[in-house]
Amino acid sequence: MLVIYLSLPRVYCGDRVFTGELGKVFENGCIVVDHDKIISVGSEGSIDYPGEVEPVWLGGYTIVPGLIDAHIHITGFRSGDYVKESLLTPFGVFIARGIVDIGRILDAGFTTIVDAGSVVGLHLRDAVNEGVVKGPRIVASGYPISQTFGHGDIHFLPIELADTRSSKLLSPFMSLLCDGADECRKAARFALRNGVDFIKIFTTGGVASQRDRPEYPQFTLEEIKAIVEEARRANRFVHTHAEGAEGIINALEAGITRIAHGIYVDQDGINLALERNAVVIPTLSVVDLILKLDEASGLPSWALEKAREAHDTHISNIRKAYRQGVRLAAGTDFFVNSKDYNIYGMNGLELQLLVEKIGLSPMEAIIAATSNSAYIAGLQDRVGLLKPGYTADFIAVKGNPLNNISLIVGMENIGLVVKEGAVVKNVISK
Ligand SMILES: [Zn+2]
């Protein structure tokens, strides 16, 4: 095959390359990169590159696609008491903290994140794209859209403080409140006007909203359809927070195929998700950490109580969905860093929990965090696989994560991170 290179290609070889496609592993595998694109992938000896190129040998390492966190919030918060923090912290401090947090996420091998609601993430996306800040590619929703008394409404605040458009409170974590199809269209257009990559909505209550419950459906089908229609007209998509059975079904019926949490999904919801080829992001990590940290998380007692209550049912329902073939993506739902414990940078935890709690194989967990999460980001044609023509986003993990998924948790074993063909972390070779 005759290949015309833009510049002299670079070649990276490791003990093995997993392309991100089920079962496709090349022992002594290499990846050929030209500029920001993958040219070829295969076993050493089976791939072509100019004779003058010296391959970079990553002995003892496994090369896999750059990981993608399909649901996270970059907020700059340092405690679960985010309303108090919003009152006391200048907005610039949130941004500065967010810069540190995304740097850690990139060092942990995550080359893309989907920020499912936070205006800090929206601003940092632009800063990363400009090249002034080091971080993963950010796909951002900015302010999410909630009904009044929805999951995105802060129930204990006066209503004029809780809605982004009227509030004097400049918080990273507030929503656009709207009721009725017309207001929902307007809120969607407001979000789009802010330059969002997709629209985030809440079609059920949740754990971290005081006066509702995860089971409560939020927005009517008509309201959800209005938002989906506005997103479609602007060539965007909708990603929903959906925990209760009814709100999951409403979202799927309205045409949403990116479903976060899925705690109380029932058989009808599973059937519809399969029919629509929807991808569910169970977000196990945030619950796992909240339950471990308990009161130290800073979350109010009513939120901790709902988290404890939901945990076991969540696991068994997601397991049921997985066994019936529902595609899962890996999203942590991290929304706050702890003062004592760096949560951002631990994003690989989601892969470990998908293996340990849901029963995925390590290979399936990596697929959840790559091609399935690329779908959630709307980038499935560009990232998430190591294939010719795809963007050169890949990492080298020490050892074999296909045998031991815990190697992918944290930053320690992530020796090399390449984003868009550029080496952004290298602790293996100079
Ligand atoms: Zn979330």
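The values are calculated or read from the model by the stated rules, or taken from the named source; none is laboratory data. Quick caveat: nothing in here was measured; it's all calculated off a predicted structure. Here the Cβ is made from the backbone with ideal geometry for all residues, glycine too, and neighbour counts use every protein chain on show.
Miscellaneous remarks
- When we screen Val409, Val417 for residues that are assigned by TED's automatic domain parsing to the domain that holds Ile38, crowded, with 18+ Cβ neighbours inside 10 Å, closer than 18 Å to Gly331 by Cα and not hydroxyl-bearing (Ser, Thr, Tyr), the only hit is Val409.
- Scoring Ile366 on the criteria (1) in the same structural domain as Thr111 (by TED's automatic domain parsing); (2) surrounded by fewer than 18 Cβ atoms within 10 Å (Cβ to Cβ) leaves a single failure, condition (2).
- Filter result (of a type in the set (Val, Ile, Thr) and either within 16 Å of the ligand (Cβ to nearest atom) or part of a strand (DSSP E or B) (or both)) within region 26-60: Ile31, Val32, Val33, Ile38, Ile39, Val41, Val56
- Look at (1) surrounded by 21 or more Cβ atoms within 10 Å (Cβ to Cβ); (2) away from the ligand (no atom under 16 Å from the Cβ); (3) of a type in the set (Lys, Arg) and you find that Lys200 fails only one, number (2).
- Tally of residues being assigned to a loop (DSSP other than H, G, I, E, B) and more than 16 Å from the ligand (Cβ to nearest atom) across region 211-227: 6
- The listed residue being modelled with pLDDT under 95, farther than 25 Å from Arg97 by Cβ and touching a strand residue (DSSP E or B) at 6+ places or on another chain (Cβ under 7 Å), out of Ile428, Ile366: Ile428
- Filter result for Gly150 (assigned by TED's automatic domain parsing to the domain that holds Gly345 and out of contact with any helix residue (DSSP H, G or I) (no Cβ under 9 Å at 6 or more places or on another chain)): yes
- Any pair with Cβ under 6 angstrom, 6 or more apart, that starts in region 92-118 at a residue that is farther than 22 Å from Asn413 by Cα and ends at one that is hydroxyl-bearing (Ser, Thr, Tyr) and outside any helix (DSSP H, G or I): Ala116/Ser141; Gly117/Ser141; Ser118/Thr75
- Scanning region 324-372 for residues that are of a type in the set (Lys, Arg) and over 19 Å from Glu21 (Cα atoms) returns Lys339, Lys357.
- Only one entry in Lys425, Lys387 is more than 25 Å from Lys320 (Cα to Cα), among the basic types (Lys, Arg) and surrounded by 20 or more Cβ atoms within 10 Å (Cβ to Cβ), namely Lys425.
- Single condition Asp333 does not satisfy, out of (1) surrounded by 23 or more Cβ atoms within 10 Å (Cβ to Cβ); (2) charged (D, E, K, R); (3) over 25 Å from Phe77 (Cβ atoms): (3)
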